[in-house]
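Working notes, structure below.
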Amino acid sequence: MRLFLFSLFAGCAVSPVVVEDDNLLLIGGPDFEDEIVVSSNGSSNESAIIGSEANGGDQSEQEGNSSPGVFFPDEIDFDKPVKPEEEPVFEPVPHLYTEQTGLSWYSINGLAISRDGTTGMLGMSGGNSCEYNPDGASLAGADFTNQSCPDIPVEYDDQGRVMFLCDDDIGFWSPAYGDQHYVVPGLITAQVTSGGFVTLEDAEVCQVSRRDHDGGVASVELPSILCTIPPMMDVDETGDVVYLANGDVYAVSDAGYRLLASDAGDMVAFDEAHGAAVVAWTEDTTLGAVDNSGALLWRAETDGAIYDLEALGDQGAVFALVYEDLSLPGSFVAFDGAQGEVWGDGIAWNGLLDFSITRDASKMIVSANGAIYTYDIVIEEAVEE
């Protein structure tokens, strides 16, 4: 999820088979004295048996020929089979739409909704933070200041802690844990995980570090370009893989890193349900998905420019934030992570500042033009046609 301000945004063993000219040349092994040419439709032709009496002439005549027996496709009188073009087969996908259930008006710097959708956090324009009731569309609970910078909530973890970023300071707050702070020199970005949080920092080297709330740290050194051109980050919490996109797309495990795709996009969102990293270039109209080996799974086009990507929790799709004209409303378009088919969409108001989605993708809150909207995300099961 990115934080937006108008058009700008920043971080709230058998005989081998040889294929020649659409025919299969079966090369005889130790038990074969002849070589048999079989056409691509599976039928053999006796006149094509090399080194047998069926070729005509005796063995001595053939031995007198300095050229080996060679199969020429044009010497066989049959029409070459034409393989029909196959249309891609798509599995039915769910249908998605959004319903507005709440509206309020607050001047904020950013927002986040908890993973279960029961609460949220607003970073107020005054620099403080206020708990927010998404269903009641009202402030509720704590009013506090977490950072020396204006509070901009980023996201919640599964323990109910909300994360804030301020220079090298990563702050967490929750009613149960209170304030927690971690200083990470050279911090570029961070994201929560099931066991803590992960950071990208440029200290003595460029590295990704997995961190827990007890102070444990495990780091993997990365190419320096990932720190000189800061990437967008997403995390596969189930597989414990970090995905980074800054034009090139990388996957980082606890054992090292892999370049998945070059010149593929500067945005990434990971669909855990299908193991697909969805990537796109900011303001481009093409998005695609690769798996953990870097193989392309699909490519799709949008009707407008793409400004953000966000996984729909664990539901198997990714939202692309699409605008044809930034002065007019756009759409949150849901793309299936497995095949790129569209599930549906929801309105994205012009002037969008920030948005946040629950873990089960049942709800989201959106800030645009001073308004805070609450939406139910309705996902109906796929119907066989």
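The values are calculated or read from the model by the stated rules, or taken from the named source; none is laboratory data. Bear in mind the structure is a predicted one, so any value in this text is a computation, not a measurement. A quick note on method: Cβ atoms are made from the backbone with ideal geometry, for glycine too, and the neighbour counts reach across all protein chains shown.
Based on this model, can you work out whether A276 counts as of a type in the set (A, V, I, L, M, F, W, C), within 24 Å of L222 (Cα to Cα) and exposed (fewer than 14 other Cβ atoms within 10 Å of the Cβ)? Explain how you work it out, then say what you get.
Working: of a type in the set (A, V, I, L, M, F, W, C): yes; within 24 Å of L222 (Cα to Cα): yes; exposed (fewer than 14 other Cβ atoms within 10 Å of the Cβ): no.
Taking the combined requirement at face value, the residue does not satisfy it.
Please state which one of D158, D169, D135, D179 is within 19 Å of G215 (Cβ to Cβ), among the charged types (D, E, K, R), within 30 Å of the chain's Cα centre (by Cα) and surrounded by fewer than 17 Cβ atoms within 10 Å (Cβ to Cβ). Please lay out each step first, then the result.
Details: D158 fails: within 19 Å of G215 (Cβ to Cβ); D135 fails: within 19 Å of G215 (Cβ to Cβ); D179 fails: within 30 Å of the chain's Cα centre (by Cα).
Result of the check over D158, D169, D135, D179: D169.
Filter the stretch 182-225 for residues that are among the polar types (S, T, N, Q) and at pLDDT 95 or above; which is nearest to the chain's Cα centre (by Cα)? Talk me through it step by step, then tell me what you get.
If we filter the stretch 182-225 for residues that are among the polar types (S, T, N, Q), which is where we start, we get 189, 191, 193-194, 199, 207, 209, 219, 224.
Imposing the further condition that a residue be at pLDDT 95 or above reduces the set to 189, 191, 199, 207, 209, 219, 224.
Values: T189: 18, Q191: 16, T199: 19, Q207: 21, S209: 21, S219: 23, S224: 23 Å.
Step by step, filter the stretch 182-225, then rank; the result is Q191.
Please determine, by comparing only the residues of the stretch 164-195 that are assigned to a strand (DSSP E or B) and among the polar types (S, T, N, Q), which one is nearest to M124 (Cα to Cα).
S174
Going by what's in this entry, would A334 be described as aliphatic (A, V, I, L, M), touching a strand residue (DSSP E or B) at 6+ places or on another chain (Cβ under 9 Å) and under 22 Å from D240 (Cα atoms)? Quick ask: steps written out before the conclusion?
Working: aliphatic (A, V, I, L, M): yes; touching a strand residue (DSSP E or B) at 6+ places or on another chain (Cβ under 9 Å): yes; under 22 Å from D240 (Cα atoms): no.
So A334 does not fit the description; no.
Does at least one position in the stretch 243-259 carry a residue that is more than 18 Å from L200 (Cβ to Cβ) and of a type outside the set (A, V, I, L, M)?
Looking only at the stretch 243-259, we keep the residues that are more than 18 Å from L200 (Cβ to Cβ), and these are none.
Checking the stretch 243-259: not a single residue is more than 18 Å from L200 (Cβ to Cβ) and of a type outside the set (A, V, I, L, M).
Among the residues of the stretch 128-155, which ones are under 27 Å from D234 (Cα atoms) and assigned to a strand (DSSP E or B)?
Within the stretch 128-155, S129, C130, E131, Y132, N133, P153, V154, E155 meet the criteria.
Would you please name the residue that is nearest to D169 (Cα to Cα), looking only at residues in the stretch 204-226 that are hydroxyl-bearing (S, T, Y) and outside any loop (DSSP other than H, G, I, E, B)? First the steps, then the outcome.
Going through the stretch 204-226, the residues hydroxyl-bearing (S, T, Y) turn out to be 209, 219, 224.
Next cut, outside any loop (DSSP other than H, G, I, E, B) only: 209, 219.
On the way: S209: 15, S219: 18 Å.
That would be S209.
How many of the residues making up the stretch 234-256 are crowded, with 19+ Cβ neighbours inside 10 Å and part of a strand (DSSP E or B)?
Qualifying residue count, the stretch 234-256: 13.
Just to be sure before I move on: is L312 assigned by TED's automatic domain parsing to the domain that holds L353, crowded, with 22+ Cβ neighbours inside 10 Å, of a type in the set (A, V, I, L, M) and more than 20 Å from L200 (Cα to Cα) in the structure I sent?
Numbers: assigned by TED's automatic domain parsing to the domain that holds L353: yes; crowded, with 22+ Cβ neighbours inside 10 Å: yes; of a type in the set (A, V, I, L, M): yes; more than 20 Å from L200 (Cα to Cα): yes.
Spelling it out, L312 is indeed assigned by TED's automatic domain parsing to the domain that holds L353, crowded, with 22+ Cβ neighbours inside 10 Å, of a type in the set (A, V, I, L, M) and more than 20 Å from L200 (Cα to Cα).
Condition first: more than 11 Å from the chain's Cα centre (by Cα) and on the phi < 0 side of the Ramachandran plot. Now tell me which residues in the stretch 226-241 satisfy that. Before the answer, list the steps.
Just the residues of the stretch 226-241 that are more than 11 Å from the chain's Cα centre (by Cα), to begin with: 226-232, 237-241.
L226, C227, T228, I229, P230, P231, M232, E237, T238, G239, V241 - these are the residues of the stretch 226-241 that are more than 11 Å from the chain's Cα centre (by Cα) and on the phi < 0 side of the Ramachandran plot.
Say we look at the stretch 156-166 and pick out the residues that are in contact with a Ser or Thr (Cβ under 7 Å, 6 or more places away or on another chain) and among the charged types (D, E, K, R); which of these is farthest from T238 (Cα to Cα)?
R161
Using beta carbons and a limit of 8 Å, which pairs, at least six apart or on different chains, have the first residue in the stretch 145-166 and at positive phi and the second one basic (K, R) and part of a strand (DSSP E or B)?
Within 8 Å, no pair qualifies.
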